[in-house]
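J.: Let me begin by handing over the structure; questions about it come next.
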Amino acid sequence: MELTIEELQNKLKAWKGCELAKNSNPVLGEGNPKAEIMFIGEAPGQKEDEQGRPFVGSAGKLLNELIESIGLKREDVYISNVVKYRPPENRDPTDEEKAQCMPWLKMEILIIKPKVIVPLGRHALGHFFPKLAISKAHGLPQKVSDKLTIFPIYHPAAALHNGNIRQPLFDDFAALKKYLET
Ligand code: URA
């Protein structure tokens, strides 16, 4: 029988398969278990580690704004990360850490069965298309099958560091809305 997200969450809490688990709290995805859209970020930051929830810090605030800009609410979608524990000082997750956490993301995708997956930024995009650059692929849907499209978008944190990314982010969300309507 298929696991639920709550059951997966409990299994993650007991998991010690990643060095990062020694110094941070598990952060699985959250949202509508029947969501058609799933957003995937990089890894939890400080606020996410403290609260055990994805995208609750400043990048999360912007993500909420972007989701609302296309007429959806955070509760309508499912939001997760490639890596389930916070890398120290918010450094980039290593290839090993991403590989160790990959089964959790795969299980979340199997449970949620989204129609559209939105990788936010290069780490999540690399999970699906290791050779695509986010600077070229953002805003362009990649149909994987009749049941699944990958729609890459910049990571919201990129816009917090570089103001020039803010408008392309909102434009990509507008393109996502159009895609969802077709
Ligand atoms: N950045 C991410 O990639 N994920 C989070 O959960 C928060 C910030």
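The values are calculated or read from the model by the stated rules, or taken from the named source; none is laboratory data. Computed from a prediction, not measured in an experiment: that's the story for all the values here. Glycine gets a Cβ as well: all are built from the backbone with ideal geometry, and neighbour counts include every protein chain shown. The area values use the complete protein model at the heavy-atom level, side chains included, leaving out ligands, DNA and RNA. Shrake-Rupley method; radii C 1.70, N 1.55, O 1.52, S 1.80 Å.
J.: Which of Asn25, Asn81, Asn164 moves most in a GNM of the chain, Cα contacts under 10 Å?
T.: Most flexible of the set in this elastic network: Asn164.
J.: For Asn64 and Lys13, FRET efficiency with R0 = 22 Å and r from the beta-carbon atoms, rounded to 0.05?
T.: Details: r = 26 Å, r/R0 = 1.16.
Calculated value: 0.30.
J.: Quick one: Karplus J couplings for region 8-21, per residue in order, coefficients 6.51, -1.76, 1.60, θ = phi - 60°, nearest Hz, x for Gly and Pro?
T.: These are the phi-based 3J(HN,Hα) values: 5, 4, 5, 5, 5, 4, 8, 8, 10, x, 9, 3, 4, 5 Hz.
J.: How far apart, in nm, are the 7 Å Cα→Cβ label points at Thr182 and Lys106?
T.: It works out to 3.1 nm between the two label points.
J.: Now for a different question. With a cap of 14 neighbouring Cβ atoms within 10 Å, and only residues DSSP puts in a loop, list the trypsin sites (Lys or Arg not before Pro) found in region 93-157. Could you put the intermediate results ahead of the total?
T.: Details: sites: Lys98, Lys106, Lys115, Arg122, Lys131, Lys136, Lys143, Lys147; in loops: Lys115, Lys131, Lys147.
Of the trypsin sites (Lys or Arg not before Pro), the ones in loops of region 93-157 whose Cβ has at most 14 other Cβ atoms within 10 Å are Lys115, Lys131, Lys147.
J.: Using a Gaussian network model of the chain whose springs link C-alpha atoms within less than 10 Å, name the residue from Ile37, Ile150, Ile70 with the highest mean-square fluctuation.
T.: Ile70
J.: Calculate, for region 28-182, the solvent-accessible area per residue in square angstrom, rolling a 1.4 angstrom probe over the heavy atoms of the protein chains. Write down the numbers at each step before the final one.
T.: On the way: 7780 Å² over 155 residues.
Per-residue value: 50 Å².
J.: Using 20 Å as the cut-off for backbone N distance, which residues of region 36-79 belong to the label zone defined by a point 7 Å from the Cα of Glu96 along Cα→Cβ?
T.: Correct set: 43-44.
J.: Roughly speaking, to the nearest percent, how much of the chain's 1.4 Å accessible area is carbon and sulfur?
T.: 52 percent
J.: I need the Debye-formula profile for the chain: one equal scatterer per C-alpha, no solvent, reported as log10 I(q)/I(0) at q = 0.11, 0.19 1/Å, two decimals.
T.: Here the Debye-derived log intensity ratios amount to -0.42, -1.38.
J.: How high is the FRET efficiency from Gln142 to Asn23, r the C-beta distance, R0 41 Å, rounded to 0.05?
T.: In this case the efficiency is close to 0.70.
J.: In whole Å, how far is the Cα centre of region 74-129 from that of region 13-69?
T.: 9 Å
J.: Which whole-number percent is the relative contact order of the chain (Cα, under 8 Å, 6+ apart)?
T.: Reported relative contact order: 24 percent.
J.: Go through Lys16/Lys106; Lys106/Lys136; Lys61/Lys84 and tell me which ones have a Cα-Cα distance over 21 Å in this structure.
T.: Details: Lys16/Lys106 18 Å; Lys106/Lys136 25 Å; Lys61/Lys84 19 Å.
Beyond 21 Å between Cα atoms: Lys106/Lys136.
J.: Which net charge results when you count Lys and Arg as +1 and Asp and Glu as -1 among the other residues whose beta-carbon is under 15 Å from that of Tyr154?
T.: Residues close to Tyr154 contribute a combined charge of -1.
J.: Also, I was wondering about something else. Just subtract the alpha-carbon distance of Asn164 and Lys47 from 0.36 nm times their residue separation and send over the number in nm, one decimal.
T.: 39.6 nm is the gain from fully extending Asn164 to Lys47.
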